[in-house]
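Colleague: Just dropping this structure here.
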Amino acid sequence: MTHRTPSYRYHKARDCAVVTIAGRDRYLGKFQSPESLEEYHRLVAEHLATKQKHQLPDVAADTPLTITELTARYWLFAKSRYVKYGKPTSEVAAIRSVLRFLRRLYGSTAARAFSPKKLKAVRDAMVTQKIVRKFKSVDPATGSTRWVEKTLPHGLARRTINKQIGRIKRVFAWAVEEELVEVAVHAALLRVRGLRRNETNAREKPRVRPVTQDDIDAVLLLLPPVVRSMVEVQLLSGARPQEVVFMREEDIVRDGPVWEYRPRRYKTEHHNPDSDPDKDRVIFLGPRAQAVLTPFLELHPGGYLFSPAAAEEARNAAKRRARKSPMTPSQAARRPKGRAHAPIRDHYDVASYRRAIRRACEKAGIPVWCPNRLRHSRLSEIRKRFSLEASRVCAGHREVGVTQIYAEQDHELARKVMVEIG
């Protein structure tokens, strides 16, 4: 059984565009305007995606599958495919964004007619895309807050565009696998190469660089003790922020002079579907990292080592000291109940860890740096002092090429060589 795609129509009485979905008219705005077309494709895709809970109907041989219908089918697949521990991964949001580009530009186009030139048109639209974000604005006179839209630099970054174009190719690879389009369609799209630096007007985004030791020292004393220990452990081990916030006693093997931390969750675990212990992520903790962790191992046996409860208590104590007087019973009674009894998580997440560092950077008056730059710093130092292979092993990378992205080139070594032979 096939289902007819709701049509985009002109509503004469209201002088606007309209689409009828499930017997209800949805008014879209000015007829043939880009905003109304984008809203139309969004509503149709959502309608098709929910037509049946688990699967969409098969396509009749004589009915061409449109891009809108293809994206609806792929969206159902992506929402179930890119899930980790019961929650959608960041890949889901990226796929949603790129499917919007496809629907907006070529929603009514037959999927089998999608060609390299059309893919390049989507890519060009990403280069000129206007990026708008909403920010809270506080009126200093009245203290009231309101949301203000701010236009950021136009266009997605070049490397982001290349990743998004790769996702579109992946959509058509999936469509070939499901026998929705011919393999020639996907093969033609593979011929579209990625944008190269200085060959396009796409915005360039600076690469993440290591954070300097001066900037680290500037914020360490301004951080809550728990977050300070997290920063020190991450800097000493070269772990990812996610691996630090999920650190538990039961995941640390403390036999021998170097401890081994095998995180239960890590970024590349999908590359080890068979749970091969030889391919597990292992983070090695030396004596300095062990000294930082030991008090937490004694304080939180069997649980997450870094709990926000201690940091929350320290922050509340600082607020009480700032008031220069303890809170009276009447003040405690007037305190908002929802906030006073808000549950505190048993461990930090990456976002709260990053926010704590951001607040400390702003207090110190230095450029804000994110915790992932600590990993860059450690891998760069290992590469300079030992070798690229040592940096790869400590980073947990399977390929040296990935390590080269994180570890900075050792220019000092090149200078020493040139002193001798140049």
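The values are calculated or read from the model by the stated rules, or taken from the named source; none is laboratory data. Remember, it's a predicted structure, so these values are computed and weren't measured experimentally. Cβ sites come from the backbone with ideal geometry, for glycine too, and all protein chains shown count toward neighbours.
Colleague: Only one residue in Gly166, Gly155 is surrounded by 18 or more Cβ atoms within 10 Å (Cβ to Cβ) and out of contact with any Asp or Glu (no Cβ under 8 Å at 6 or more places or on another chain), so which one is that? Can you show your working first?
Modeller: Details: Gly166 fails: surrounded by 18 or more Cβ atoms within 10 Å (Cβ to Cβ).
Answer to the check: Gly155.
Colleague: Out of Glu149, Glu179, which single residue is surrounded by fewer than 17 Cβ atoms within 10 Å (Cβ to Cβ) and closer than 30 Å to Thr66 by Cα?
Modeller: Just one listed residue meets the conditions, Glu179.
Colleague: For the range 161-173, what are the residues that are under 23 Å from the mean Cα position of the chain (by Cα) and aliphatic (A, V, I, L, M)?
Modeller: Going residue by residue through the range 161-173, those that are under 23 Å from the mean Cα position of the chain (by Cα) are 161-171.
Across the range 161-173, the qualifying residues are Ile161, Ile165, Ile168, Val171.
Colleague: Still on this model: Could you list, in sequence order, all residues of the range 211-224 that are loosely packed, with under 12 Cβ neighbours inside 10 Å and within 27 Å of the chain's Cα centre (by Cα)? It would help to see each step written out before you state the result.
Modeller: Filtering the range 211-224 for residues loosely packed, with under 12 Cβ neighbours inside 10 Å gives 213-214, 217, 221.
The answer is Gln213, and nothing else.
Colleague: If you don't mind, there's one more thing I want to ask. Could you list, in sequence order, the residues of the range 229-249 that are farther than 15 Å from Gln213 by Cβ and either of a type in the set (S, T, N, Q) or part of a helix (DSSP H, G or I) (or both)?
Modeller: Selection gives Ser229, Met230, Val233, Ser237, Pro241, Gln242, Glu243, Val244, Val245, Glu249.
Colleague: May I pose another question? Give Val176, Val208 a once-over and let me know the one that is of a type in the set (Val, Ile, Thr) and under 21 Å from the mean Cα position of the chain (by Cα).
Modeller: On the way: Val176 fails: under 21 Å from the mean Cα position of the chain (by Cα).
One residue alone meets the criteria, Val208.
Colleague: Looking at the range 226-254, which of its residues are in contact with a strand residue (DSSP E or B) (Cβ under 8 Å, 6 or more places away or on another chain) and over 14 Å from Pro371 (Cα atoms)?
Modeller: If the condition is that a residue be in contact with a strand residue (DSSP E or B) (Cβ under 8 Å, 6 or more places away or on another chain) and over 14 Å from Pro371 (Cα atoms), then Phe246, Met247, Arg248, Asp251, Ile252, Val253 are the ones that fit.
Colleague: Now for a different question. Select from the range 193-210 the residues that are at pLDDT 90 or above and either touching a His at 6+ places or on another chain (Cβ under 8 Å) or not small (Gly, Ala, Ser) (or both) and list them in ascending order. Reasoning before the result, please.
Modeller: Step one: of the range 193-210, the residues at pLDDT 90 or above are 193-196.
Within the range 193-210, Arg193, Leu195, Arg196 qualify.
Colleague: From the list Arg264, Arg240, Arg197, which residue is crowded, with 19+ Cβ neighbours inside 10 Å and of a type in the set (Lys, Arg)?
Modeller: Numbers: Arg264 fails: crowded, with 19+ Cβ neighbours inside 10 Å; Arg197 fails: crowded, with 19+ Cβ neighbours inside 10 Å.
Of Arg264, Arg240, Arg197, the one residue that is crowded, with 19+ Cβ neighbours inside 10 Å and of a type in the set (Lys, Arg) is Arg240.
Colleague: Let me ask you something else. Would you confirm, using the coordinates I've provided, whether Thr109 is of a type in the set (Ser, Thr, Tyr), surrounded by 14 or more Cβ atoms within 10 Å (Cβ to Cβ), within 25 Å of Asn162 (Cβ to Cβ) and at pLDDT 90 or above? Before the answer, list the steps.
Modeller: Details: of a type in the set (Ser, Thr, Tyr): yes; surrounded by 14 or more Cβ atoms within 10 Å (Cβ to Cβ): yes; within 25 Å of Asn162 (Cβ to Cβ): yes; at pLDDT 90 or above: yes.
Spelling it out, Thr109 is indeed of a type in the set (Ser, Thr, Tyr), surrounded by 14 or more Cβ atoms within 10 Å (Cβ to Cβ), within 25 Å of Asn162 (Cβ to Cβ) and at pLDDT 90 or above.
Colleague: I'm trying to understand the selection: among the residues of the range 137-190, which are assigned to a strand (DSSP E or B) and touching a His at 6+ places or on another chain (Cβ under 6 Å)? Spell out the reasoning first.
Modeller: Residues of the range 137-190 that are assigned to a strand (DSSP E or B), as a first pass: 137-138, 145-151, 157.
Scanning the range 137-190 gives no hits.
Colleague: Mind checking which residues of the range 4-19 are surrounded by fewer than 12 Cβ atoms within 10 Å (Cβ to Cβ) and within 16 Å of Leu48 (Cα to Cα)? It would help to see each step written out before you state the result.
Modeller: Of all residues in the range 4-19, those surrounded by fewer than 12 Cβ atoms within 10 Å (Cβ to Cβ) come to 4, 7, 10, 12-15.
Result: Arg4, Ser7.
Colleague: To continue, here is another question. Any idea which of Pro116, Pro64 is at pLDDT below 90 and within 18 Å of His186 (Cα to Cα)? Steps first, please.
Modeller: On the way: Pro116 fails: at pLDDT below 90.
Of the residues listed, the single one that is at pLDDT below 90 and within 18 Å of His186 (Cα to Cα) is Pro64.
Colleague: Count, please, the residues in the range 4-35 that happen to be modelled with pLDDT of 85 or more, not in a loop (DSSP other than H, G, I, E, B) and not basic (Lys, Arg).
Modeller: Adding up the residues that qualify gives 12.
Colleague: Which residue is modelled with the highest pLDDT, if the candidates are limited to the range 217-241 and must be more than 13 Å from Ala356 (Cα to Cα) and in contact with a Ser or Thr (Cβ under 9 Å, 6 or more places away or on another chain)?
Modeller: Taking the candidates together, the pick is Leu235.
Colleague: Here is a follow-up. I'd like the full set of residues that are within 16 Å of Glu204 (Cα to Cα) and either free of Cβ contacts under 8 Å to residues at least 12 places away in the same chain or among the aromatic types (Phe, Trp, Tyr) (or both), limited to the range 114-160.
Modeller: Hit for the range 114-160 is Asp124, nothing else.
Colleague: Is there any pair linking a residue in the range 171-195 that is within 19 Å of Arg159 (Cα to Cα) to one that is surrounded by fewer than 17 Cβ atoms within 10 Å (Cβ to Cβ), with Cβ under 7 Å and at least six apart or on different chains, and which?
Modeller: That search, which allows pairs on different chains as well, returns Leu189/Pro116; Leu189/Lys169; Leu190/Lys169; Arg191/Pro116; Val192/Pro116; Val192/Lys120.
Colleague: Residues in the range 123-132: is at least one loosely packed, with under 10 Cβ neighbours inside 10 Å, touching a strand residue (DSSP E or B) at 6+ places or on another chain (Cβ under 9 Å) and either assigned by TED's automatic domain parsing to the domain that holds Phe77 or part of a strand (DSSP E or B) (or both)? Can you show your working first?
Modeller: Within the range 123-132, the subset loosely packed, with under 10 Cβ neighbours inside 10 Å is 130, 132.
Going one step further and asking which of them are touching a strand residue (DSSP E or B) at 6+ places or on another chain (Cβ under 9 Å), we end up with 130, 132.
Going one step further and asking which of them are either assigned by TED's automatic domain parsing to the domain that holds Phe77 or part of a strand (DSSP E or B) (or both), we end up with 130, 132.
Checking the range 123-132: at least one residue is loosely packed, with under 10 Cβ neighbours inside 10 Å, touching a strand residue (DSSP E or B) at 6+ places or on another chain (Cβ under 9 Å) and either assigned by TED's automatic domain parsing to the domain that holds Phe77 or part of a strand (DSSP E or B) (or both).
Colleague: Which residues, taken from the range 364-396, are farther than 25 Å from Arg228 by Cβ and touching a residue at least 12 places away in the same chain (Cβ under 8 Å)? Outline the logic, then answer.
Modeller: The initial filter retains those residues of the range 364-396 that are farther than 25 Å from Arg228 by Cβ, namely 383-384, 386-393.
Arg383, Lys384, Leu388, Ser391 - these are the residues of the range 364-396 that are farther than 25 Å from Arg228 by Cβ and touching a residue at least 12 places away in the same chain (Cβ under 8 Å).
Colleague: Can you work out which of the residues in the range 225-237 that are under 20 Å from Ile366 (Cα atoms) and among the β-branched types (Val, Ile, Thr) is surrounded by the most Cβ atoms within 10 Å (Cβ to Cβ)?
Modeller: Val227
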